[in-house]
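Worksheet for the structure shown next.
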Amino acid sequence: CGLFEFKLLLLSSNERTNRMGCVRYEEVQDKKMLVALGIWFFAGFVLQNLQQTGAFEIYYNTLPVFSKLEFHRMPMREELIQNLNLAIEESKARFAGGAS
């Protein structure tokens with residue numbers, strides 16, 4: 001009995017449930033809200049873990065300041081300040097060069 005069939009149990013009739021042979025309709029109907037919340041929390045948990053990459057990236061305009069994916073660690077405060085200042089200066093230089 002898959003997740004899709006289990007969701008159908010919430011809306012299906014007793015005849016359909018008997019043919020699928022998963023759980024009894026009455027058991028699901030008695031705990032409909034609990035079952036629906038369980039499916040919702042489980043689906044959210046699965047989606048969160050599938051989407052989690054561990055990415056932590058900082059950009060100033062389009063200039064990268066720090067990437068955890070590249071360095072495989074979190075930035076130090078001094079490193080972050082230094083890289084941000086460099087990105088600000090480079091951004092100013094690009095803007096000044098493009099304005100002339």
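I'd like to verify a number: residues in the stretch 55-97 that are assigned to a loop (DSSP other than H, G, I, E, B) and hydroxyl-bearing (Ser, Thr, Tyr), how many?
So the answer is 1.
Any residue in the stretch 56-85 that's open to solvent by less than 100 Å² (accessible area, probe 1.4 Å): show its pairings with residues that are of a type in the set (Lys, Arg) and in a helix (DSSP H, G or I) at Cβ separation under 6 Å, as long as the two are six or more apart or on different chains.
Close Cβ pairs satisfying both conditions: Phe56/Lys68.
The values are calculated or read from the model by the stated rules, or taken from the named source; none is laboratory data. All figures in this text were calculated on a predicted structure; none of them were measured in a lab. All Cβ positions, glycine included, derive from the backbone under ideal geometry; neighbour counts span all protein chains shown. These accessible areas exclude ligands, DNA and RNA; they are computed on the full protein's heavy atoms, side chains included. Shrake-Rupley method; radii C 1.70, N 1.55, O 1.52, S 1.80 Å.
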